[in-house]
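The values are calculated or read from the model by the stated rules, or taken from the named source; none is laboratory data. Computed from a predicted structure; not experimentally measured. Backbone-built Cβ (ideal geometry, glycine too); neighbour counts: all protein chains shown.
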Amino acid sequence: MMQSVILAENVYYIGKNDNREVPFHRLILARGTTYNAYLLKTEKPTLIDTVDMEFGREFVEYLSEMIDPEELQYIVINHTEPDHSGGMAALAGRATNATIVCTEPAVKELKEMYKLHSRDFLVVHDGDTLDIGGKTLLFRETPYLHTEETMITYCVEDKILFPCDIFSTHVANNQIFADEAGFDITEDFIGYYNAIIHPHRRYVRALIDALETLDVQMIAPSHGYILRNEIQKYIGLYATMSADTVTDKKVTIVYTTIRSNTKKVANHLQRIFEENDIQASVFNADKADHAEILASIQEADAVFVGSSTKYADMIGNLEDILKAMLDMNLEGKIGAAFGSYGWSGEAIEVIQDYLNQTSMNVQSTSQVIKTTGMTHVEFPVRVRFSPKDEQLTKIEHSATFVADLLLSAV
Ligand code: FEO
């Protein structure tokens, strides 16, 4: 069922109620969900987000009863996942005069997803505004909440925030507003946060800071209920739930190196952990006392092991450490492999194989993608030659990911 309701002068909610048990991010949404879009019938009519691809045609038919799609001047895409941008497959050919408004990383995705290569795009950056004729839209980039290209849109005159996935709930609701739901939605709101947003909680802090500069009177997300009461309570829940809840964590980093490039990776990992108030001890396995290294590993909450690659293998004494680790009880610890290499980096994979034989929770790119959807975090941490620029950022992403695991009890 598609339905609409007016939120403010010339601002309309258009929602698709999906009351099936919806497969979603390897969850089953037992209570269904909704896909919410918003139409602003200003002098330059603007649509904010669409609905799931499966309901695109139904959406366009419904929208066409409210406005001729050819009148649309802008289509704002806050987030490219097809449960929100999916309506573009049916809409693009009807809304032929509309410029698509999105962040830079979203452009390529939308072009590829919906064959929009010949369409006009307006790339917006953090803090940009857009005059849509009688109303002003302000855009804030919210990368990794929960994918790289995401942004939120704020209508300045009506004080309505359109945050797409953020502040959503997964409930197939017939009552549009949370205060009319007939029950307290807080549990659903928190459940949604834990399932979708919490793995990205570091980025929630930037969101909370951005919201402090905005007078938000209504939150109109793209799943579930619209919030128009207790706005600060809901924003406060995100602030509380994304905060660090654990302290006194320790990381041990052990490496061997040929030309100091793997040492640089180790030192950069250490720097990132220390910036997160995590004690990080670094050992060169060819120089430090092995008993001291193993004692540090036993005390640590996370263990990073790295080596340069020479003749397709680890170098130096590192294998002695790894063999000793096989006989230790390392349950509950996080493990990760890393290294610098010039050609194939086999040593890093050999280390990963060793770590996988321990009882540690060994990080892998596959596991990260499956559990969080993050594609910018890589394990093992593989760096070619001396780490610079993008590679330093890659190391930072991986260390930060582990820091977040350590500092959050959820
Ligand atoms: Fe509701 Fe990230 O899609």
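Structure data summary
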| read-out | value |
| --- | --- |
| Residue that is farthest from the ligand (Cβ to nearest atom) [pool: residues in the range 80-130 that are closer than 17 Å to Thr150 by Cα and of a type in the set (Lys, Arg)] | Lys111 |
| Tally, over the range 152-192, of residues that are part of a helix (DSSP H, G or I) and within 13 Å of the ligand (Cβ to nearest atom) | 1 |
| Test: residue in the range 30-45 that is buried (at least 24 other Cβ atoms within 10 Å of the Cβ) and of a type in the set (A, V, I, L, M) | yes |
| All positions within the range 127-151 that are surrounded by fewer than 22 Cβ atoms within 10 Å (Cβ to Cβ), touching a residue at least 60 places away in the same chain (Cβ under 8 Å), part of a loop (DSSP other than H, G, I, E, B) and touching a strand residue (DSSP E or B) at 6+ places or on another chain (Cβ under 7 Å) | Ile132 |
| Set Lys287, Lys263: member being assigned to a helix (DSSP H, G or I), more than 17 Å from Thr400 (Cα to Cα) and either touching a helix residue (DSSP H, G or I) at 6+ places or on another chain (Cβ under 9 Å) or among the charged types (D, E, K, R) (or both) | Lys263 |
| Single condition His200 does not satisfy, out of (1) within 16 Å of the ligand (Cβ to nearest atom); (2) in contact with a Ser or Thr (Cβ under 6 Å, 6 or more places away or on another chain) | (2) |
| Residue check, Met241 closer than 30 Å to Arg271 by Cβ and either of a type outside the set (Ser, Thr, Tyr) or within 16 Å of the ligand (Cβ to nearest atom) (or both) | yes |
| The range 1-29, subset of a type in the set (Val, Ile, Thr) and either at pLDDT 95 or above or over 28 Å from Lys370 (Cα atoms) (or both), residue surrounded by the fewest Cβ atoms within 10 Å (Cβ to Cβ) | Ile6 |
| Failed item, numbered, when His117 is tested on (1) surrounded by fewer than 17 Cβ atoms within 10 Å (Cβ to Cβ); (2) assigned to a loop (DSSP other than H, G, I, E, B); (3) touching a residue at least 12 places away in the same chain (Cβ under 8 Å) | (3) |
| When residues of the range 223-260 are limited to those that are in a loop (DSSP other than H, G, I, E, B) and of a type in the set (Val, Ile, Thr), the one farthest from the chain's Cα centre (by Cα) | Ile258 |
| Residues that are modelled with pLDDT of 95 or more and on the phi > 0 side of the Ramachandran plot, drawn from the range 132-148 | Gly133, Gly134 |
| Subset of the range 365-378 [outside any helix (DSSP H, G or I), touching a Phe, Trp or Tyr at 6+ places or on another chain (Cβ under 8 Å) and buried (at least 16 other Cβ atoms within 10 Å of the Cβ)] | Met374, Val377 |
| Residue within the range 194-205 that is free of Cβ contacts under 8 Å to residues at least 24 places away in the same chain and over 14 Å from Asn36 (Cα atoms) present | no |
| Subset of the range 204-220 that is touching a helix residue (DSSP H, G or I) at 6+ places or on another chain (Cβ under 9 Å) and within 16 Å of the ligand (Cβ to nearest atom) - its residue that is farthest from Val156 (Cα to Cα) | Val204 |
| Boolean, Ile369 is touching a residue at least 12 places away in the same chain (Cβ under 8 Å) and out of contact with any Lys or Arg (no Cβ under 7 Å at 6 or more places or on another chain) | no |
| Some residue of the range 37-45 being within 16 Å of the ligand (Cβ to nearest atom) and aromatic (Phe, Trp, Tyr) | yes |
| The range 310-353 - residue that is surrounded by 13 or more Cβ atoms within 10 Å (Cβ to Cβ) and among the polar types (S, T, N, Q) and, of those, farthest from His268 (Cα to Cα) | Asn317 |
| Residue that is farthest from the chain's Cα centre (by Cα), among those in the range 54-79 that are within 16 Å of the ligand (Cβ to nearest atom) and crowded, with 20+ Cβ neighbours inside 10 Å | Phe59 |
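Okay, residues lined up against (1) among the polar types (S, T, N, Q); (2) surrounded by fewer than 23 Cβ atoms within 10 Å (Cβ to Cβ):
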| position | (1), (2) |
| --- | --- |
| Asp209 | no, yes |
| Met218 | no, yes |
| Gly224 | no, no |
| Asn229 | yes, yes |
| Thr240 | yes, yes |
| Thr247 | yes, yes |
| Val251 | no, no |
| Thr257 | yes, yes |
| Val265 | no, no |
